[in-house]
1. Being in the same structural domain as residue 224 (by TED's automatic domain parsing) and under 23 Å from residue 25 (Cβ atoms) narrows it down to one residue among 298, 303, 282; which is it?
2. Just to be sure before I move on: is residue 136 surrounded by fewer than 20 Cβ atoms within 10 Å (Cβ to Cβ) and free of Cβ contacts under 8 Å to residues at least 60 places away in the same chain in the structure I sent?
3. Would you check if residue 226 is of a type in the set (A, V, I, L, M, F, W, C) and either under 19 Å from residue 163 (Cβ atoms) or not assigned by TED's automatic domain parsing to the domain that holds residue 169 (or both)?
4. Among the residues of the stretch 53-71, are any under 30 Å from residue 177 (Cβ atoms), outside any loop (DSSP other than H, G, I, E, B) and either modelled with pLDDT of 90 or more or touching a Gly at 6+ places or on another chain (Cβ under 9 Å) (or both)?
5. When the stretch 99-133 is examined, which residues are found to be aromatic (Phe, Trp, Tyr) and surrounded by fewer than 16 Cβ atoms within 10 Å (Cβ to Cβ)?
6. Taking the residues in the stretch 143-181 that are over 22 Å from residue 295 (Cα atoms) and touching a Pro at 6+ places or on another chain (Cβ under 9 Å) as candidates, determine which candidate is surrounded by the most Cβ atoms within 10 Å (Cβ to Cβ).
7. Please return the ranges of helices (runs of 4 or more DSSP H) entirely within the stretch 88-192 where 1 or more residues are modelled with pLDDT of 95 or more and assigned by TED's automatic domain parsing to the domain that holds residue 223.
Amino acid sequence: MLFGSDPRELTKALALYGAAAPAGGTAGVFLGGVITEYVSWPWVFYINIPIAAIALAAAPALMPAGGLGARGAVDVVGALTVTGGLGAAVYAIVRAPEVGWGSVETWGVLAGAVVLLGIFLAVQASRREPLMRLSIFRTPNLGAANLAQLLLGGAWIPMWFFLNLYLQQVLGYSAFPSGAALLPMTILIMIGMIALAPRAINRFGPKAMIVTGLVVLAAGMGWLSLIRPDGNFWVDVLPASLVAALGMSLAFIPSLGTAISSARPEEGGLAAGIVNTSYQVGSALGLAAMTAVAASYGADQLGDMAALTDGFSLAFLGAGLIALVGAVIAAVTLRTRQVEEPVTTGASAAKQS
């Protein structure tokens, strides 16, 4: 039994899960700054080896043992085609500013991505045990919540990336102070996800919080786009980043919970896998697209503070537009009635598992 009979326990559990992500992310940025500044930057990668080993060793003791029934077949073709297709799409977007959006390479790689993703969909539609049952997206609110998570990742991760670049390349922060500068934003996210988001969801409902959170995130991005070449952390970064962090904390938990709890009990694991993939894919595509936009408007001109700032500013605006589009789509596609009712089903599913 993972959750009790009270469906609010699911929200609390998701809040703790959501808060762990920014905590780990900031710890990585912060410790990465320490390692880069006082040891050597390659150790940023090496340090992950013992951490992964510890996690693997601890998982059997810490994770509850699930009842295993009949084992399904592994969809190798599906896994390879969706991974290759998404990877090719990201690669084409990242390379486009350098080789040209109209180049044969860009369009050739994008065409390859489309073909691979098309094969993936065809395989999923024909297999008896697919990697992802396509009809699951007919579940009310599941597709809409996944789209909200995809766009949330597409807005949030570019902001995090370019904010760090602005601190280092324009404001002149070294690796350690730039990592520390992200701590206030992370602390607010953790507090918001644990203390604020669950109460707001119970009072106003998931849909209202998803839309509100994305709008607040877009507002924070818009504020960040006002950065200056001669700016400073207290005026140009801290206030706007806290607004963006508040929006993230309000939107993440309800969109994640809605996606998971909308599925049938026996497909809770599949729904969780899809929504996590949606966020990661949105993050990768959003970062690739905003990197291309920023580079096209001066972010690749190291040493030119005005050009760098212009490129970063446009990236913030683009990320804010992604969040705003997500808010509009969520407002139109999410069904208020079904968002709240399946939470009981989701809790029951977790209880049964």
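1. On the way: 298 fails: under 23 Å from residue 25 (Cβ atoms); 303 fails: under 23 Å from residue 25 (Cβ atoms).
Step by step, each of 298, 303, 282 is checked, and only 282 is in the same structural domain as residue 224 (by TED's automatic domain parsing) and under 23 Å from residue 25 (Cβ atoms).
2. Working: surrounded by fewer than 20 Cβ atoms within 10 Å (Cβ to Cβ): yes; free of Cβ contacts under 8 Å to residues at least 60 places away in the same chain: no.
Here the answer is no, as residue 136 does not meet what is asked.
3. Values: of a type in the set (A, V, I, L, M, F, W, C): yes; either under 19 Å from residue 163 (Cβ atoms) or not assigned by TED's automatic domain parsing to the domain that holds residue 169 (or both): yes.
Here the answer is yes, as residue 226 does meet what is asked.
4. So the first thing to find is which residues in the stretch 53-71 are under 30 Å from residue 177 (Cβ atoms), and the list is 54-55.
Those left that are additionally outside any loop (DSSP other than H, G, I, E, B): 54-55.
Then drop every residue that is not either modelled with pLDDT of 90 or more or touching a Gly at 6+ places or on another chain (Cβ under 9 Å) (or both), which leaves 54.
Checking the stretch 53-71: at least one residue is under 30 Å from residue 177 (Cβ atoms), outside any loop (DSSP other than H, G, I, E, B) and either modelled with pLDDT of 90 or more or touching a Gly at 6+ places or on another chain (Cβ under 9 Å) (or both).
5. Residues of the stretch 99-133 that are aromatic (Phe, Trp, Tyr), as a first pass: 101, 107, 120.
Once the filter is applied, which keeps residues that are aromatic (Phe, Trp, Tyr) and surrounded by fewer than 16 Cβ atoms within 10 Å (Cβ to Cβ), the stretch 99-133 yields 101, 107.
6. Ranking the qualifying residues of the stretch 143-181, first place goes to 148.
7. Details: elements: 104-126, 142-165, 175-180, 183-191.
Per the criteria, 142-165.
Yes or no, residue by residue, for (1) surrounded by fewer than 21 Cβ atoms within 10 Å (Cβ to Cβ); (2) in a helix (DSSP H, G or I); (3) within 22 Å of the chain's Cα centre (by Cα); (4) among the hydrophobic types (A, V, I, L, M, F, W, C):
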| site | (1), (2), (3), (4) |
| --- | --- |
| 214 | no, yes, yes, yes |
| 217 | no, yes, yes, yes |
| 220 | no, yes, yes, no |
| 231 | yes, no, no, no |
| 234 | yes, yes, no, yes |
| 240 | no, yes, yes, yes |
| 246 | no, yes, yes, yes |
| 250 | no, yes, yes, yes |
| 255 | no, yes, yes, no |
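The values are calculated or read from the model by the stated rules, or taken from the named source; none is laboratory data. All values reported here derive from a predicted model rather than from experimental measurement. Quick reminder, even Gly has a Cβ in these numbers, built from the backbone with ideal geometry, and neighbours come from all protein chains shown.
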